[in-house]
Amino acid sequence: MREKLLKVSDLVVHYELENEVVEAVNGVSFEMDRGETLGIVGETGAGKTTLALSIMRLVPEPPGRVVQGTVALDGENVLSMAKREIRQIRGKKVSMIFQDPMTSLNPVQTVGNQIMEVIKLHENCSAAEAVIRATEMLERVGIPGERFNEYPHQFSGGMRQRVVIAIALACSPELLIADEPTTALDVTIQAQILDMMRRLKDDLNTSMIMITHDLGVVAETCDKVAIMYAGELVEYGTVEQIFHRPKHPYTVGLFRSLPSLDKDVDRLQPIPGLMPDPTKLPNHCSFYDRCEEACDDCLQREPPVVEPEPGHTVRCCRCSGGERREAME
Amino acid sequence: MAKRITPATERAARIAAKERSTSPVSPAKAAWRRLRRNKAAMAAGVVIVILLICAVFPAQLAPYGFDEQNYAVAFTAPYKEYPLGTDNLGRDILSRIIWGSRMSLIIGIVSVVVGLLLGGILGAVAAFYGGRVDDVIMRVMDVFLAIPNMLLALGIAASLGTGLWNLLLAIAISNVPRFARIVRSSVMTNKSMEFVEAATAIGASNGRLIFKHLLPNSLAPIIVQGTIGIASGILCACGLSFLGLGIQPPTAEWGMMLSSARQYIRSNWWMVTFPGITIMLAIGCFNLLGDGLRDALDPRMKG
Amino acid sequence: MSTLLEVKNLKKYFKVPAGTLHAVDDVSFQIETGTTMGVVGESGCGKSTLGRTLIHLLPPTEGQILLDGKSITNVKKRQLHTLRKNMQMIFQDPFSSLNPRMSVSQAIGEPLQIYGLVKNKQELDRRVRETMDTVGLAARLADSYPHELDGGRRQRIGIARALVLQPRFIVCDEPVSALDVSIQAQILNLMQDLQRENGYTYLFITHDLSVVRHISDEICVMYLGKVVEHSPAKELFQHCCHPYTKALLSAIPIPNIDVKRERFLLKGEITSPIDPKPGCRFAARCSYATEACRQESPELRELSPNHFCACHHPLM
């Protein structure tokens, strides 16, 4: 059996500022199989983007610092690689799409050239061949090949995001990390882009990490879901497990606080309070202050990771065994 | 989750313990805290405070008067009684530097304040009303900007005559276009912010918009440029005095001290060295403080 | 119920270098006292311009706005000042809509001072504290500055500032779209509670259909400056008539893995509202478009009671 595509273990990433330390990622571990789509869900400041950046080893250092942990891509630890090796992997094996299509393209280069650049960098091919492949890639993301020589400002937001995706997928990477790829776009455009990403992912046999705050996007694109809260993975499982049998009180709260499109709800049920300040995380469960089911035990220790069913892990003191399920019913 | 203790978390905890306060921190207070951590800027600040004290109390601090001549000790190299030596007329150089700080700082500060008031009002009006008004004001400013600062001041001093007030006026006027630009761009940025629209929506008048909402938020770059402007004002005054178009003898002024000492540069090194070092120090410190203020006031460092 | 605000054939055009931008083009509707009118659409559809024109942050190009049956379209500066007391706005971005140099109590107290509604400092403090209490801001935050607070609390300040004058009509421009879902729910609940207690009338602008369904009584769907569909909220989600509404509804990702919907993907992207050609503005992206659609602009027609749709080929 082949190695897992991605294995992150006990990753801790801090941002060390002059007078405070932002504990962005706190002991995250998970694995990913080939061909899978993993959704990472969390609120602003939950550490989703930092987690993604550390997989690419793009966390700016300083102020960022990987305190401990490993990120194994195909069995090789990305965090201990030489700079040169890392550069060979970026764009070829893993690539990333950022949230804002307006700023992630170079405004003074034609879109065609920007796609070609990645191809020439990683594939041993002639310029003419690179042009053909770049044009092919443009057409795959739904942009006519004639627009090869146009500049980013001549494209709309949705079209630019397509170009960004074309660049990311030009060398058919094994893993694509998409950081809120559709948040800046309108819903009808979002639907087009998500549809296209799903199709391309299947065609190129790429695995994908989809970072989002939108549970709807997760439901439509992902196989596995990881819920992040205050830098920790609080729950992890298949889409089916998370959407049908959420266990962590935070996940449950997230679902409850969403306004529904088909049910009449008089009042929403928000999660009370706020996420703790990532510079002042408590020593106990970080969800304690907002949790409706918190008990004294939660204050005493770090929550253990329990596995209520195979492949479904929860980091919660109250989720050991059947106790919680009864409380729910 | 157990906290992971690293050297950085320990340091942060120390700083947090020192600055622990439950009271809210205003943006100005937060900026002051950041400035205090910048050692170079704080050192520059101390030097500037010393210069200010010299400028306010020269009579008390200087061992001799600025025009106290003693031919018996002319051209004395630095020693105990004259720590920085004496000049060709037997005047104590240290005393003249201390007295000279008064002139230099008055010129530096007053020219910036006047330039800022005029330039600030013009810039704010241009940015707030836009269109025609903006065009007219800024084109006139462009004409002024096209003339080098020193040349403009030189022209004004030459046509109006020498003396402190004309010198002040000359430097202040040459400052106006620069400050007008800075204030304009700063106000323009803030004008597009939603909080200005929000203030309009609650019925705020134009005056209130400009003075309560726009200007206070445009202060940061103005303070920074003002501090650096003091340095260039001092330099400009020294330059004009060196050329004989500024302060007239016997008043002590750094640039003039240099000018009258230049013939003795080979035989009496102290006559040019110490005023020169003073000018360098004063300008360097204002620039350092300006840079420090820029870092402290930069909203991206907010925290 | 009585009509609080009535809009008749409102137009707002902007002169831009490329021509005339029809940001709001011939929009008419009424809002009943104490209800919420939702306005949905994608970026560039003119929903924000509509909101700003209603409360006179932008002067209308043409058309009429009536408050309590009285025209407020071309009011003098002095009348505008009194008018503003009755019409307030909550802004989208809780980060840029607060003056960073004003503390919480200063920001909330400013409208009271502008209108001279308080006689002295004590009364000002009391009113500010009451309002803070109403929107759920702890009294200890009174002297805090916006940069010390999170998005949710900042948005509460924005709401408090709009409420302190006790207006009758409030334009809410995407008040929750910059917030996380758990905070978004807190703010939506607050706004609903305030409406129930004080009878406020909202115009709620958003691009989020699930939010608009939750909070609105009636919904206007806008596309390139035009209202394409207008109906009671529930009705719109049960049977929408305009092809654009249908596309919009089917494009929202639903957080439910059991519902497999039929996709109704739109071709192309939003066209430009600068000097629009005659005919239906949606025709270029519409799969039902016929020659008639490209020739003649469809009028808003009442298809069933209170359900209006501007389409030559409504889906029934």
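The values are calculated or read from the model by the stated rules, or taken from the named source; none is laboratory data. Because the structure is predicted, anything quoted here is derived from the model rather than measured. Neighbour counts run over all protein chains shown; Cβ positions are idealised from the backbone, glycine included. In case anyone asks, the SASA skips ligands and DNA or RNA and just uses the protein heavy atoms, side chains included. Shrake-Rupley method; radii C 1.70, N 1.55, O 1.52, S 1.80 Å.
The set of residues from the stretch C:133-167 being hydrophobic (A, V, I, L, M, F, W, C), over 18 Å from A:Leu274 (Cα atoms) and within 19 Å of the chain's Cα centre (by Cα) comprises C:Ile159, C:Ala160, C:Ala162, C:Leu163. State whether the residues of the stretch A:164-187 include one that is under 22 Å from C:Tyr223 (Cβ atoms) and not in a loop (DSSP other than H, G, I, E, B). Within the stretch A:164-187 (the criterion being under 22 Å from C:Tyr223 (Cβ atoms) and not in a loop (DSSP other than H, G, I, E, B)), the answer is yes, since at least one residue qualifies. Could you run through the stretch A:93-139 and say how many residues are of a type in the set (S, T, N, Q) and either within 25 Å of the chain's Cα centre (by Cα) or open to solvent by less than 40 Å² (accessible area, probe 1.4 Å) (or both)? Here the count works out to 8.
Within the stretch C:112-128, take every residue that is farther than 24 Å from B:Ala28 by Cα, part of a helix (DSSP H, G or I) and touching a residue at least 24 places away in the same chain (Cβ under 8 Å) and give me the one that is most open to solvent (accessible area, probe 1.4 Å). Among them, the one singled out is C:Arg127. Each residue in the stretch B:157-172 was checked for being hydrophobic (A, V, I, L, M, F, W, C) and either open to solvent by 30 Å² or more (accessible area, probe 1.4 Å) or without any contact (Cβ under 8 Å) to a residue 12 or more places away in the chain (or both), and 5 pass. When C:Thr53 is tested against (1) of a type in the set (Ser, Thr, Tyr); (2) in contact (Cβ under 8 Å) with a residue 60 or more places away in the chain; (3) crowded, with 23+ Cβ neighbours inside 10 Å, only condition (2) is not met. Do the conditions hold for A:Val225, that is, is it more than 12 Å from chain C (Cβ to nearest Cβ), assigned to a strand (DSSP E or B) and buried (at least 22 other Cβ atoms within 10 Å of the Cβ)? Against the criterion (more than 12 Å from chain C (Cβ to nearest Cβ), assigned to a strand (DSSP E or B) and buried (at least 22 other Cβ atoms within 10 Å of the Cβ)), A:Val225 does not qualify. Meeting the requirement of 1 or more residues that are over 30 Å from C:Asn99 (Cβ atoms), the helices (runs of 4 or more DSSP H) wholly within the stretch B:182-299 are B:215-242, B:254-261, B:269-297.
If the condition is being part of a strand (DSSP E or B) and within 14 Å of chain C (Cβ to nearest Cβ), then the stretch A:32-47 contributes A:Thr37, A:Gly39, A:Val41. The set of residues from the stretch C:144-202 being in contact with a Pro (Cβ under 9 Å, 6 or more places away or on another chain), of a type in the set (A, V, I, L, M) and closer than 26 Å to C:Tyr115 by Cα comprises C:Ile157, C:Ile159, C:Ala162, C:Val164, C:Leu165, C:Met191. Within the stretch C:60-83, the residues that satisfy the criterion of being touching a residue at least 40 places away in the same chain (Cβ under 8 Å) and either open to solvent by 40 Å² or more (accessible area, probe 1.4 Å) or small (Gly, Ala, Ser) (or both) are C:Thr61, C:Glu62, C:Gly63, C:Gln64, C:Asp68, C:Gly69. Mind listing just one residue for me: the one in the stretch A:249-282 that is touching a residue at least 60 places away in the same chain (Cβ under 8 Å) and either open to solvent by 30 Å² or more (accessible area, probe 1.4 Å) or at the interface with another protein chain (Cβ under 8 Å from one of its Cβ atoms) (or both) and, of those, farthest from A:His14 (Cα to Cα)? For the stretch A:249-282, the residue satisfying everything is A:Leu254. Selection of the stretch B:216-232 for residues being at the interface with another protein chain (Cβ under 10 Å from one of its Cβ atoms) and surrounded by 20 or more Cβ atoms within 10 Å (Cβ to Cβ) yields only B:Asn217. Note on the stretch A:228-248: among residues that are of a type in the set (A, V, I, L, M) and within 11 Å of chain C (Cβ to nearest Cβ), the one that is surrounded by the most Cβ atoms within 10 Å (Cβ to Cβ) is A:Ile242. Within the option set A:Val25, A:Val71, being β-branched (Val, Ile, Thr), within 21 Å of A:Lys280 (Cα to Cα), assigned to a strand (DSSP E or B) and open to solvent by less than 60 Å² (accessible area, probe 1.4 Å) holds for one residue only, A:Val25. Filtered by the rule that a residue be touching a residue at least 24 places away in the same chain (Cβ under 8 Å), among the hydroxyl-bearing types (Ser, Thr, Tyr) and within 14 Å of chain C (Cβ to nearest Cβ), the stretch A:157-190 gives A:Thr182, A:Thr183. Would you check which residues across the stretch B:281-295 are over 18 Å from B:Ala31 (Cα atoms) and either buried (at least 17 other Cβ atoms within 10 Å of the Cβ) or among the acidic types (Asp, Glu) (or both) and list them? Passing the criteria: B:Ala282, B:Ile283, B:Cys285. Taking helices (runs of 4 or more DSSP H) as the structural unit, those lying wholly within the stretch B:5-114 and holding at least 3 residues that are under 21 Å from the mean Cα position of the chain (by Cα), modelled with pLDDT of 80 or more and buried (at least 18 other Cβ atoms within 10 Å of the Cβ) correspond to B:39-56.
Results for (1) open to solvent by 10 Å² or more (accessible area, probe 1.4 Å); (2) at pLDDT 90 or above; (3) within 12 Å of chain A (Cβ to nearest Cβ), shown as yes or no for each residue.
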position	(1), (2), (3)
C:Thr134	yes, no, no
C:Gly152	no, no, yes
C:Gln155	no, yes, no
C:Gln186	yes, no, yes
C:Leu194	no, yes, no
C:His207	yes, no, yes
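Taking A:Cys285, is it over 21 Å from the mean Cα position of the chain (by Cα), more than 11 Å from chain C (Cβ to nearest Cβ) and more than 21 Å from A:Leu51 (Cα to Cα)? Against the criterion (over 21 Å from the mean Cα position of the chain (by Cα), more than 11 Å from chain C (Cβ to nearest Cβ) and more than 21 Å from A:Leu51 (Cα to Cα)), A:Cys285 does not qualify. Restricting attention to the stretch B:173-194 and to residues that are out of contact with any Pro (no Cβ under 7 Å at 6 or more places or on another chain) and among the hydrophobic types (A, V, I, L, M, F, W, C), the residue that is surrounded by the most Cβ atoms within 10 Å (Cβ to Cβ) turns out to be B:Ala180.
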